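What follows is a short report on a single structure.
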Amino acid sequence: MSNIHVSFKQYFSDQSFDIDVTIPANGITSVFGKSGAGKTSLINVIAGLNTPVEGKVTVSGKTFFCSKTKVNIPIHKRRVGYVFQEARLFPHYRVKGNLLYGVIHPDKHHFDKVVQLLDLHSLLSRYPSQLSGGEKQRVAIGRALLSKPYVLLMDEPLASLDKPLKNEVLPYLEHLAHEMKLPIIYVSHSLYEVVRLANHMVVLDNGRVLASDTLEKIWATPILGQWGQSRDQSSLFEATLINHNTNHALSQVQLANDVCLWVQKLEVDISSNLRVQVRASDVSIALKKPYKTSIRNILTAKIVEINTSVDGVEQKNVSVKLELAEQCFLWASITIWAMDELSLQVGLQVFAQIKGVSVTQKDIVLHP
């Protein structure tokens, strides 16, 4: 399956867009940015809801739009699934009727798969007025999937839901790309949703692409600082569950070769793939390896970066980037006093300490 490439320019009286980005052909790509950054404009160009003055859009090797060759495939022929902030269900149709609306060639096997994936079987005979907000969004997602799209576009689909309903829908979204084998472009302004869902991340600002890379690589840069990430800095790891210590309610995850971490007990199977978030404020630094300590994780590390300011503004704390293994980095947030007393500097070999109880289930998600 070919990657998705979107390149376009569009001009308005108060804003202009000049976007050129390649999106992976599988998994969930989060399009992230402030209001007005161009997130919805990007997916609307893919869907054909907006026609730019110039550019080119290709999806799964098919050209949807090209200003040079005058190609502009009509919306209904692009085979694009679109899920909006509101479910937009037909109130006079039952759930099954809403799911099948617009399906030209019925496929019972595909229908059953989507219904099972989104747990919709018990809802099929209900009307939208009898559904919760989370159930409505699951139906909207199912309707989009039943069109057998080349790409699924989701424009902040959880924005209208409160936290309990968001948590109800998120597990379905986590398994969606893995089960359906199609690219999903997920517009969001929530870093929490991004961490839970995204494989790839596109960061937009003022109609331009600031960054496009894997979530872990972007997370390790200062680019998310303007969204408050620097104030609550953390590290993200792709990890594998390798052990359970049932007597002490702990689980062990492997972050890299010879780099393992004990965390609170996880109710998942050995060898499960995970995404683990470690807050910088939960990491401390020692010059000598501690012995007879309550802290369960003592990791050998090397200091590779020390930041005392963000965007030129002095911080009360210091951010220290630690290399645990090749391309495996951990951030620690410590006081300036501690940095001075320990005489920390780039290149110094140290020990990173992380409490086993500080990394909990809410910091870890399954990552197929």
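Can you give the FRET efficiency to the nearest 0.05 for Ser13 and Asn50, using r as the Cβ-Cβ distance and R₀ = 22 Å?
On the way: r = 16 Å, r/R0 = 0.71.
The formula returns an efficiency of 0.90 here.
Accessible surface computed residue by residue for the range 7-151, with neighbouring protein chains in place and a 1.4 Å probe, gives 51 Å² per residue. Binning all Cα-Cα separations of the range 163-312 at 10 Å, short to long from zero, yields these whole-percent fractions: 8, 31, 36, 19, 5, 0. Mind telling me which of Pro171, Pro24, Pro157 comes out most flexible in a GNM of the chain, alpha-carbon contacts under 10 Å? Maximum among the listed residues: Pro171. Using the alpha-carbon atoms, what tilt in degrees (0 to 90, nearest 10) does helix 108-117 show relative to the longest principal axis of the chain? Around 30 degrees separate the two axes. As an exercise, use a Förster radius of 35 Å and the Cβ-Cβ distance of Lys355 and Arg208 to find the FRET efficiency, rounded to the nearest 0.05. With a Förster radius of 35 Å, E is 0.30. Over all projection directions, the Cα-based convex hull of the range 73-213 averages an area of 9.3 nm².
Could the peptides 30-39, 77-86 be put in order, highest first, of the mean number of other beta-carbon atoms found within 10 Å of their residues? Could the numbers behind the result be given before it?
Values: 30-39: 21.3, 77-86: 18.3.
Per-residue mean Cβ counts within 10 Å order the peptides as 30-39, 77-86.
With Cβ to Cβ distances under 12 Å as the rule, what net charge do the other residues near Ala47 carry (K, R +1; D, E -1)? Summing Lys and Arg as +1 and Asp and Glu as -1 gives +2.
To the nearest 10 degrees, how steep is helix 133-145 against the longest Cα principal axis of the chain, on a 0 to 90 scale? Here the helix axis deviates by roughly 70 degrees. Computed over all pairs of different Cα atoms, the Kirkwood value for the hydrodynamic radius of the range 250-368 is 15.2 Å. With a Förster radius of 45 Å applied to the C-beta separation of Ser160 and Val346, the computed FRET efficiency comes to 0.45.
These residues, Arg275, Arg94, Arg88, go from largest to smallest accessible area, 1.4 Å probe, as Arg88, Arg94, Arg275.
Every Cα-Cα pair of the range 1-93 was included, and the share exceeding 18 Å stands at 49 percent. The packing ranking of peptides 191-197, 123-129, highest mean first, is 191-197, 123-129, where packing means the average number of other beta carbon atoms within 10 angstrom of each residue. Divided by 2.2 N^0.38 Å, where N counts the residues, the Cα radius of gyration of the range 108-181 comes to 1.06. Heavy-atom accessible area for Phe237, with the other protein chains in place and a 1.4 Å probe, reaches approximately 10 Å². Taking 0.36 nm per residue of separation and subtracting the Cα-Cα distance, full extension of the segment from Asn273 to Ile104 would add 57.1 nm.
The values are calculated or read from the model by the stated rules, or taken from the named source; none is laboratory data. What you see is a predicted model, and the numbers here were worked out from it, not measured in a lab. Here the Cβ is made from the backbone with ideal geometry for all residues, glycine too, and neighbour counts use every protein chain on show. With ligands, DNA and RNA removed, areas are computed over all heavy atoms of the protein, side chains included. Shrake-Rupley method; radii C 1.70, N 1.55, O 1.52, S 1.80 Å.
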